[in-house]
Amino acid sequence: MDTDLFFVIGLIIAGFSIPPIIGALSEGRAPRTAAIAILIGGGLVALAVNERPGAYSVSEIPDAFVRVVGRYIN
């Protein structure tokens, strides 16, 4: 399993779901789809952290992105 890939995809999914949550709350709707996306993203991040405990910190996030992008571009 590629924990870096799980971590990066989870962060991207969770990050992209923040604007729909804000939009839904400002319009008075329930953010159902965005909440599901947050759960999926959080689950992927939790899976990556569970597989490699202590490997990810806030300072390691850019390095994880570079490793994943570099691996799939080369």
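The values are calculated or read from the model by the stated rules, or taken from the named source; none is laboratory data. None of the values given here were measured: they were computed from a predicted structure. Heads up, the Cβs are rebuilt from the backbone with ideal geometry, glycines too, and the neighbour counts pull from every protein chain shown. We work out accessible area using only protein heavy atoms, side chains counted, and drop any ligands, DNA or RNA first. Shrake-Rupley method; radii C 1.70, N 1.55, O 1.52, S 1.80 Å.
Quick notes on this structure:
- Matching residues, segment 6-53, being assigned to a helix (DSSP H, G or I) and basic (Lys, Arg): Arg32
- The residue of segment 15-54 that is nearest to Asp2 (Cα to Cα), among those that are more than 14 Å from the chain's Cα centre (by Cα) and hydroxyl-bearing (Ser, Thr, Tyr), is Thr33.
- Search result, residues across segment 20-34 that are farther than 18 Å from Ile9 by Cβ and not charged (D, E, K, R): Ile21, Ile22, Gly23, Ala24, Leu25, Ser26, Gly28, Ala30, Pro31
- Sub-7 Å Cβ pairs linking a first residue in segment 44-71 that is over 9 Å from Val8 (Cβ atoms) to a second residue that is of a type in the set (Ser, Thr, Tyr) and surrounded by 13 or more Cβ atoms within 10 Å (Cβ to Cβ), at least 6 apart or interchain, are Val49/Tyr56; Glu51/Thr3; Arg52/Thr3, ordered by first then second residue.
- Those residues of segment 55-64 which are in a helix (DSSP H, G or I), surrounded by fewer than 15 Cβ atoms within 10 Å (Cβ to Cβ) and under 15 Å from the mean Cα position of the chain (by Cα), in sequence order: Val58, Glu60, Ile61, Pro62, Asp63
- Tally, over segment 1-29, of residues that are open to solvent by less than 30 Å² (accessible area, probe 1.4 Å) and touching a Ser or Thr at 6+ places or on another chain (Cβ under 9 Å): 2
- Set Arg52, Arg71: member being in contact with a helix residue (DSSP H, G or I) (Cβ under 6 Å, 6 or more places away or on another chain) and open to solvent by 40 Å² or more (accessible area, probe 1.4 Å): Arg52
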